[in-house]
Structures are given as structure tokens and as C-alpha cells.
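Chemist: One structure, pasted below without further comment.
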Amino acid sequence: ERPLIGAVQDVLRFCDPGQPFATVSMLQPSVTDNVPQGLTLTSDAKTRYPVGTTTVTWRAQDAAGNVATKALQVRVVNRPPK
């Protein structure tokens, strides 16, 4: 059986004036499997994201080689003027 990745949530961040990126930290989703030994969870998440929308993919693999993925969107926009 494939592992099950828990809920992920899209992220919206504002970047500071003059900055072309925002620093984003996100929580790791839960992951379960019928055989939890050897279960791994990885992602292509990074710390800084440019203005625009970036897809982040979480990937879980169990010891038998079964794989599950789940994606979310990180959207960075310029902070509106005050």
C-alpha cells in the first residue's frame, strides 16, 4: 500500500518592499503507512521563494518502494503600500 500524506495547505506571503523574495517556513505534513519502518518523507521546499507562485511537492516512500506525493502552492506577492 502507498503511504498516506496528511493535509497540506497552500501558503501566501508578502515580501518586504525592495525584496524580490519572501522567507517561508512550513510545517511538515503527517505521513502514515501500514508498515512504518523505513518510511521517509522529503520535499523540494526551500527557505526563500521568489515573487509569484511556486509548487512544493512532498514525497513519501515506504520500505517496499511504494510512493505517494502531495503538492501545495507557495504564493509570494509584493506588500501593498501603506
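Chemist: Whole number in Å², please: accessible area per residue of the chain, 1.4 Å probe, ligands, DNA and RNA not counted.
Modeler: It amounts to 68 Å² per residue over the chain.
Chemist: Would you mind counting up the charge near A22? Only other residues with Cβ under 10 Å from its Cβ, with Lys and Arg at +1 and Asp and Glu at -1.
Modeler: Here the count lands on +3.
Chemist: While we're on this one: Can you give me the % of accessible surface on segment 7-68 that is carbon or sulfur? Probe 1.4 Å, all protein chains present, nothing else counted.
Modeler: Its accessible area is 51 percent carbon and sulfur atoms.
Chemist: Compute the distance in nm between two label points, each set 7 Å from the Cα along the Cα-to-Cβ direction, one at L4 and one at L27.
Modeler: About 1.8 nm, to one decimal.
Chemist: Taking K and R as +1 and D and E as -1, what net charge do the other residues with C-beta under 14 Å from the C-beta of P36 add up to?
Modeler: Summing Lys and Arg as +1 and Asp and Glu as -1 gives -2.
The values are calculated or read from the model by the stated rules, or taken from the named source; none is laboratory data. All values reported here derive from a predicted model rather than from experimental measurement. Positions of Cβ are backbone-derived with ideal geometry, glycine not excepted, and every protein chain shown enters the neighbour counts. Please note that ligands, DNA and RNA were not included when accessible areas were found on the heavy atoms of the full protein model with its side chains. Shrake-Rupley method; radii C 1.70, N 1.55, O 1.52, S 1.80 Å.
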